[in-house]
Every structure is written in structure tokens, then in C-alpha cells.
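What follows draws every value from the coordinates through simple rules; no lab data is involved. Note that the structure is a prediction, hence the values are computed from the model and not measured. Cβ atoms come from the backbone with ideal geometry, glycine included; neighbour counts cover every protein chain shown.
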């Protein structure tokens, strides 16, 4: 699964987990928001503002 090897991971203040993954076929970065359990996808969208640290 793409979220197993993210470019970046961040824990939000509400416990949800943000992960950014590169989608090679689209040449875009996808931000995936997971619930606290780390498995359930809450939301996912292309992130045009992603800056790699």
C-alpha cells in the first residue's frame, strides 16, 4: 500500500495521521488523512502546496 512508505508523516492534534505519498503516474503528491487507528482513511486529496523538508 502506498501509505506504507510515505514521503512524510505527521500526527495532528486530534490524533489523526497525515501521510504524503508520491503518485508517479500523475506526478503529484497525495495527502492521505488516517484516523487514529492508522488504517482507516478519513480523506485523501492531491496536495499542490506540499514542500518536502
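Key figures
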item: Relative contact order of the chain, pairs being alpha-carbon contacts under 8 Å that are 6 or more residues apart, as %; result: 26
item: Given (i) 13.7, 48; (ii) 12.8, 41; (iii) 10.6, 32, the label whose value is Rg and Dmax of the Cα atoms in Å derived from this model; result: (iii)
item: Cβ crowding within 10 Å averaged over residues, with 39-52, 13-26 ranked highest first; result: 13-26, 39-52
